[in-house]
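What follows draws every value from the coordinates through simple rules; no lab data is involved. Treat the numbers as computed from the prediction; the structure is a model and nothing was measured. Using ideal geometry, Cβ is built from the backbone for each residue, glycine included, and neighbour counts are taken over all protein chains shown.
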Amino acid sequence: MLETLKTTIENCKEQRIVNLFVIIDHDFIEEIWMRRAQIPSFHHSSGLLQLRFSVNPSKKWQMVCNIPRPGETTLYNWKREIVSWIKKSSSSPSQREKMIDNLNRFWVEVVEIAYSKARSYSDFNSFMMSKIINSIWGYNTLFVRLSEISQVLTNGFEFLISNLRTYTDVLARTDQALLSHGISTGVSSNSYNKAPLWLHCKCGSKAPISPSTRRKLSFKGSCMSCKKELTLDLNGPHDRDLSKVISYLSPRAIAIPLLLSRDLEISCYCSGKGGLGYLTDANMISKHLGIRWPLTLVWGSKDVYRGIAQNQALDAIHMEIPNAESRLQELRSTNDEYRTKIQDLVNKRTELANAGSSLQSILEDIFQLKEEQRRIRREIEIIEKGTNILNLSPCILDYAVNFGMVDTQKQWCRHLLENGNLASPVYFNQKNCNSEVEEDDNKRRVFI
Ligand SMILES: [Zn+2]
């Protein structure tokens, strides 16, 4: 989206634009989104094939920039799982061949090159993204590690620390006002009195720090991993200067857009849907601290396409998502009714047995109801699996295998330039990915 915007603006104005992608490499490896990629799969009971990266529990509070890249066996096993998924999911030998070919190209041109250069787990992830964006798509986005950006934000850190009272007051007030309207920004109330930065520990983790109640400009907190008490004391005459400790500091989520705007003067900030809560808080804080707020964009569109797993799901459930969801509700309540009916008959059977009466007819009734119930449960399982597949926003691998990387980018660009709505679904043209097709035609062919 940012590259499409940049090209469009540069084509009509004499302005040069730099797109900066900040890699959030100071998050904990414990976060599930760091260690799990999901691909839709009709051959898994949940409807999802999950590629996982397991981490020793003793390392769970390490920052991703300090986690080594995965071992070669892990990489080999991921590829093996994907190949097996393609073999089970493809509908014809020619389709299978094309998808294996797409996978191999993605693996050689993206995964293996990124892997060979990566030192850390976060490098591996970001090198893959930069490989796709800058090599395959030919853009020139600048990728920067958040863990290495603090130096250029030193002024901003000092500014936020000297305005800490306003920062924390506005944060608490905004969150409470939103909560009173039933909106949670995801910021926990015990963060209100925290400084807007993390203090890194020598063990590879970091500590949330709070201002000391006794000493002004003194902060302390306990390391999330080794529990060591870390202190940041800015009271001494030579301690005011943050530059000596800056490599041990990184901004918390709310401070990131504030610092990028204040110190780098960014004009546009693009985030995922998950960042909306933090952005709302940051926006309010920016108003009170006099920091100019950049144009903020969130592209929340859902991609609608028929990959191999989506095809199998639609063929199995024979209906669109809204109908599938109401059918599911219907089936679940019928299932509950059957459970009650069967339980009543089982109780009655016990009474009849105790009275020495014949059980033949009641056993036949129970058998009949159980058969019906099994049929309902099978249908529930299939529709649940189908809706999981169709509701998933899959890992980029699903796109790479089904369309190849180049076609995926063309589809997104086409949506942005021809439709431009950042909330409406992106209907993938699947007749021929390289040619333009009327969108109405597309809507008819794709279920949603
Ligand atoms: Zn530590």
Taking Cα centroids, how far is the stretch 327-402 from the stretch 20-51 in Å?
-> 32
Amide H neighbours of K206 at under 5 Å, excluding residues fewer than 5 places away on the same chain, with H built from the backbone geometry, are C201, M224, S225
Across the stretch 274-427, how large is the tail of the calculated P(r) beyond 23 Å, expressed as a percent of all Cα pairs?
-> 63
Among the lysines, which have Cα under 29 Å from the Cα of K220 when same-chain residues fewer than 8 positions away are ignored?
-> K59, K60, K194, K202, K206, K228, K244, K287
For the stretch 387-394, just list the computed ³J(HN,Hα) in residue order, Karplus coefficients 6.51, -1.76 and 1.60, θ = phi - 60°, integers in Hz, with x standing in for Gly and Pro.
-> 5, 4, 5, 6, 8, 5, 9, x
Hydrodynamic radius of the stretch 14-117 per Kirkwood, over alpha carbon pairs, in Å = 16.3
Max mean-square fluctuation residue, GNM over the chain, Cα-Cα springs under 10 Å, options R332, R52, R69 = R332
Using the alpha carbon gyration tensor of the stretch 136-276, what are the three equivalent-ellipsoid semi-axes (square root of 5 times each eigenvalue), largest first, in whole Å?
-> 25, 22, 16
Whole-Hz Karplus couplings 3J(HN,Hα) for the stretch 366-381, θ = phi - 60° and coefficients 6.51, -1.76, 1.60, Gly and Pro as x, run 4, 4, 4, 5, 5, 4, 4, 5, 4, 4, 5, 5, 4, 5, 4, 4
Here the chain gives, from Cα atoms, an Rg and Dmax in Å of 27.3, 96
Mind telling me which of K244, K88, K220 comes out most flexible in a GNM of the chain, alpha-carbon contacts under 10 Å?
-> K244
Please find the FRET efficiency linking S212 to S247, where r is the Cβ-Cβ separation and R0 is fixed at 25 Å, and quote it to the nearest 0.05.
-> 0.65
Can you work out the FRET efficiency for the pair V152 and K98, with r the C-beta to C-beta distance and R0 = 60 Å, to the nearest 0.05?
-> 0.85
Long-range amide H contacts for L49: which residues qualify at under 5 Å (H placed 1.01 Å from N, peptide plane, sequence gap of 5 or more or a different chain)?
-> I39, S41
Kirkwood hydrodynamic radius (Cα pairs, Å) of the stretch 63-165?
-> 16.5
Value at 222 nm in deg cm²/dmol, rounded to 500, when DSSP H runs of n ≥ 4 in the chain each add -39,500 (n - 2.57) = -15500 deg cm²/dmol
Inverse of mean 1/r across different Cα pairs in the stretch 114-189, Kirkwood, Å | 16.1
